[in-house]
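Novice: One structure coming up, written as structure tokens, with questions to follow.
The values are calculated or read from the model by the stated rules, or taken from the named source; none is laboratory data. From a predicted model like this one, the values you see are computed outputs, not experimental measurements. Note that we place each Cβ from the backbone using ideal geometry, even for glycine, and neighbour counts take in every protein chain shown.
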Amino acid sequence: MKFLYMNKFVQNNFVVEDLNEWSIIKVSDIEHKQYLQNHVTIDLFNLQYEKHILCANCNANGKVNGVLRLFHNQDNCFYIQRSSICDIQLFALKKYTIFSKIKIKKLDNYFLLGIIGKHAKEFLLSYFNNIPNCITSVVFHNNACILWLGSPIERFLLMIDKKQFLYLKKILLHNRILMVKNYWLYLDIIDGVPILEKPAFQKFFPKEINLDFLDGINLQKGCYCGQEIISKMYFKNINNKKLYCLVGTTNISMHYFSVLEIYDGYIWRKIGNVLFAMCIQDDIFLIQCILHCKYVQNNKFRLAVDQSSSFSIFRSYII
């Protein structure tokens, strides 16, 4: 795989990515906003139409069913999440719909494109008369929606129907615009967005994956599923795990929840587990991991199953 450790490349080049590993969910009908309000960690009623936000949907025990990028307009709510966890998260969310007037549907006929780097604005303005920015980060068009993200670099998330998707792919091919793979995922990882796949379903609390640092937990709103435990963990400060980003080398393939160790000056001891791993060049990996933060006293890590591996903190995400 090409070396992806290159913010300068995506800043100085215009690239497009087919985000087929993410899914779009539409929530609609009379009670859709009240229903979601009772099942997400942010205050949906205070979310402006021109904004999007990261949040979590949790079970009654406060464990995360899925990490959602949520936005809405007057008629519908939408959220985007990783496809591998989508079906099981939807099943958990729909369990309580029997008494509500609500429709929850995965939009299989819509597609996501990541528009990244130099000339991204010019490209979008050639097809849309209005695009989002740092003030208005969500813009709806007929059968399309554009989201603006400013970190770690400026980028756009384009949601379009199948007809527009096929048309744009022809344009990209004709103009020889570079189509890339895993750049969006790489940017999400270094930006601190938790990458939750199916094995992580109901394994972590929102605070353990740093949603509090991403403004993904509202502690002032009323009751929602898992709220008592989530609030208790925050106000009593009983959580000792955090999300970190490590970079390093290993000769083996990592799996979900592979054990990580830290050297304390005398021995190697368990410090946490791998949440998501991404190969960025040959044997170099970028990984998100959940670590016991009070034991992170130095910068020397390894995989328990590979004593020759070596990792260091790329970003702690902790403010």
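Novice: Suppose we filter 78, 123 for residues that are more than 21 Å from residue 230 (Cα to Cα), at pLDDT 95 or above and surrounded by 21 or more Cβ atoms within 10 Å (Cβ to Cβ); which single one remains? Working first, answer last.
Specialist: Details: 123 fails: at pLDDT 95 or above.
After applying the criteria, what remains is 78.
Novice: Shifting gears a bit: Name every residue in the stretch 55-65 that is on the phi < 0 side of the Ramachandran plot and crowded, with 22+ Cβ neighbours inside 10 Å, in order of residue number.
Specialist: So in the stretch 55-65, the residues on the phi < 0 side of the Ramachandran plot come out as 55-61, 63-65.
Answer for the stretch 55-65, where residues must be on the phi < 0 side of the Ramachandran plot and crowded, with 22+ Cβ neighbours inside 10 Å: 55, 56, 57, 58, 64, 65.
Novice: Next question, about the same structure. In a helix (DSSP H, G or I), in contact with an Asp or Glu (Cβ under 8 Å, 6 or more places away or on another chain) and over 13 Å from residue 111 (Cβ atoms): is that true of residue 185 in this structure?
Specialist: On the way: in a helix (DSSP H, G or I): yes; in contact with an Asp or Glu (Cβ under 8 Å, 6 or more places away or on another chain): yes; over 13 Å from residue 111 (Cβ atoms): yes.
Spelling it out, residue 185 is indeed in a helix (DSSP H, G or I), in contact with an Asp or Glu (Cβ under 8 Å, 6 or more places away or on another chain) and over 13 Å from residue 111 (Cβ atoms).
Novice: Looking at this structure, is residue 137 at pLDDT 95 or above and among the small types (Gly, Ala, Ser)? Explain how you work it out, then say what you get.
Specialist: Details: at pLDDT 95 or above: yes; among the small types (Gly, Ala, Ser): yes.
Yes; evaluated as a whole, the condition is true for this residue.
Novice: Please verify whether the stretch 93-101 includes one or more residues that are buried (at least 19 other Cβ atoms within 10 Å of the Cβ) and either out of contact with any Ser or Thr (no Cβ under 9 Å at 6 or more places or on another chain) or among the β-branched types (Val, Ile, Thr) (or both). Steps first, please.
Specialist: We begin by selecting, within the stretch 93-101, every residue buried (at least 19 other Cβ atoms within 10 Å of the Cβ); these are 93.
Add one more test, that the residue is either out of contact with any Ser or Thr (no Cβ under 9 Å at 6 or more places or on another chain) or among the β-branched types (Val, Ile, Thr) (or both), and what stays is 93.
Yes: one or more hits.
Novice: Tell me which of these residue 170 doesn't satisfy, since it passes every other one: (1) at pLDDT 95 or above; (2) out of contact with any Leu (no Cβ under 6 Å at 6 or more places or on another chain).
Specialist: Going through (1) at pLDDT 95 or above; (2) out of contact with any Leu (no Cβ under 6 Å at 6 or more places or on another chain) one by one, residue 170 breaks only (1).
Novice: May I pose another question? Which members of the stretch 262-272 meet the condition of being surrounded by fewer than 20 Cβ atoms within 10 Å (Cβ to Cβ) and either within 30 Å of residue 84 (Cα to Cα) or not assigned by TED's automatic domain parsing to the domain that holds residue 312 (or both)? Lay out the reasoning, then the answer.
Specialist: At the first step, the residues of the stretch 262-272 found to be surrounded by fewer than 20 Cβ atoms within 10 Å (Cβ to Cβ) are 263-270.
Answer for the stretch 262-272, where residues must be surrounded by fewer than 20 Cβ atoms within 10 Å (Cβ to Cβ) and either within 30 Å of residue 84 (Cα to Cα) or not assigned by TED's automatic domain parsing to the domain that holds residue 312 (or both): just 270.
Novice: Need pairs with beta-carbon distance below 8 Å; first residue without any contact (Cβ under 8 Å) to a residue 24 or more places away in the chain and within the stretch 185-213, second assigned to a helix (DSSP H, G or I) and surrounded by fewer than 23 Cβ atoms within 10 Å (Cβ to Cβ); sequence gap 6+ or separate chains.
Specialist: Matching pairs, first to second residue: 212/234.
Novice: Could you identify the single residue in 175, 133, 73 that is in contact with a Phe, Trp or Tyr (Cβ under 8 Å, 6 or more places away or on another chain) and without any contact (Cβ under 8 Å) to a residue 40 or more places away in the chain?
Specialist: Details: 175 fails: in contact with a Phe, Trp or Tyr (Cβ under 8 Å, 6 or more places away or on another chain); 73 fails: without any contact (Cβ under 8 Å) to a residue 40 or more places away in the chain.
Result of the check over 175, 133, 73: 133.
Yes/no matrix, rows are residues, columns are (1) at pLDDT 95 or above; (2) closer than 25 Å to residue 203 by Cα; (3) not polar (S, T, N, Q):
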position	(1), (2), (3)
260	yes, yes, yes
281	no, no, no
290	yes, yes, yes
302	yes, yes, yes
314	no, yes, yes
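Novice: Limited to the stretch 65-96, what total is found for residues that are touching a strand residue (DSSP E or B) at 6+ places or on another chain (Cβ under 8 Å) and either closer than 19 Å to residue 185 by Cβ or hydroxyl-bearing (Ser, Thr, Tyr) (or both)?
Specialist: The number of residues fulfilling the criteria is 12.
Novice: Somewhere in the stretch 210-217, is a residue modelled with pLDDT of 95 or more and either of a type in the set (Phe, Trp, Tyr) or in the same structural domain as residue 34 (by TED's automatic domain parsing) (or both)?
Specialist: No, because not a single residue in the stretch 210-217 is modelled with pLDDT of 95 or more and either of a type in the set (Phe, Trp, Tyr) or in the same structural domain as residue 34 (by TED's automatic domain parsing) (or both).
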